[in-house]
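Peer 1: One structure follows; several queries about it will come next.
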Amino acid sequence: MNIIKSERMDMLFLELKNKKVKIIDQLWELTQNYLNNNLNDMLECKDELKLLEELENTEEYISIIDELNSVNENLNRVYISFLEVKCNSNLKKDMIIALKEKFQDEIKTSDIVRAVGCSKSYARQFQLIDGKVEQKEKRRTLSSKIKGKILKRDGNSCVVCGEIKNLEIHHIMAIMGSSIKELDDHHNLVTLCKECHYLAHNGNYYKNLAYSDVEGFWKWTKNTEKTKIWLILKDIQGIGSKITENIYERFKNLESLENASIRSLSKVDQVNVSLAKKIRYKLEMESK
């Protein structure tokens, strides 16, 4: 693909993005229908992985994946063409900024990595704020001694859910933009499991927190609906932070989730009927 003129590039970008959305929806519908037609006991899904492997070898699935890969390749060509026309620098920093300011939230980190040829961690340093891109300062690494003290103080468990595995140290007030002078002081550090850490950052480690101040953090650990929902769903096999986020987008509080039918649950992105029944079963057990 030669260098694309600006107007044509914009049209092609929108065309490819819309096509990609349709393909992903088609892929999800195919997967959902395949599982629905082949799983008999939705609460005992030991064969679900095997079924998915079988699905991935079908001609229809392979055809959709090939189409999706083709769209991704063409999108990458659009990004590269844009850089050739609009970016007069070979510096990766300048190319990342140009891409993010042009395509805003429509371009993913993985797309930037492919177009620019940088690492994912480097691409994530650049954040879009009010239409402008800013490079986040490199985070300081906490010493093992400090981490050990915080873990011991918090009983070697997540202060939100009590999990003892996959523990991480969380800065209550973020390093960037915080009014706290000693950001690595123990008062600003707390132990969270990986999943609750994700929720504390509203599902994005590089954007807003789920609270506004230190007091708000401790209220958040006890009272937010998203946290309540997560604490119930987190032990269900197949449920992760992303699916929890999708569920919360549709059911904003625990009461509405408890009243949800299997049908309405299965309409949530990435939740098939099998998983919906597991959720329904867990909610019923919690209410007893």
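Peer 1: Only one of the listed values, (i) 21.1; (ii) 19.4; (iii) 22.0, was derived from the coordinates as Kirkwood radius over Cα pairs in Å; which label is it?
Peer 2: Derived directly from the coordinates: (iii).
Peer 1: Find how many whole Å separate the alpha carbon centroid of the range 214-288 from the alpha carbon centroid of the range 52-88.
Peer 2: 32
Peer 1: Looking at S81, Q135, G117, which one has the Cα that reaches farthest to the positive end of the dipole of the chain (charges on Cβ: Lys, Arg +1; Asp, Glu -1)?
Peer 2: Of S81, Q135, G117, it is Q135.
Peer 1: Right, something else. R0 = 45 Å: FRET efficiency of K17 with D235, Cβ-based, nearest 0.05?
Peer 2: 0.80
Peer 1: Tell me which residues come under 5 Å, amide H to amide H, from E168 once H is placed; ignore anything under 5 positions away on its chain.
Peer 2: Excluding prolines and chain starts, which carry no amide H, the hits are L192, C193, K194.
Peer 1: HN-Hα J couplings of the range 103-108 from phi, Karplus 6.51/-1.76/1.60, θ = phi - 60°, integer Hz, Gly and Pro as x?
Peer 2: 9, 6, 7, 6, 9, 8
Peer 1: How many nm is it between the label spots at E225 and L27, if each spot is 7 Å from the Cα in line with the beta carbon?
Peer 2: 3.1
Peer 1: 5 Å is the cut-off here: which amide hydrogens, built 1.01 Å from N in the peptide plane, fall below it relative to L189, excluding neighbours closer than 5 in sequence?
Peer 2: I172
FYI, it's all coordinate maths here, none of it is from the lab. Only a predicted model underlies this, so the values are computations on that prediction, with no experimental measurement involved. Virtual Cβ from ideal backbone geometry, glycine too; neighbours counted across all protein chains shown.
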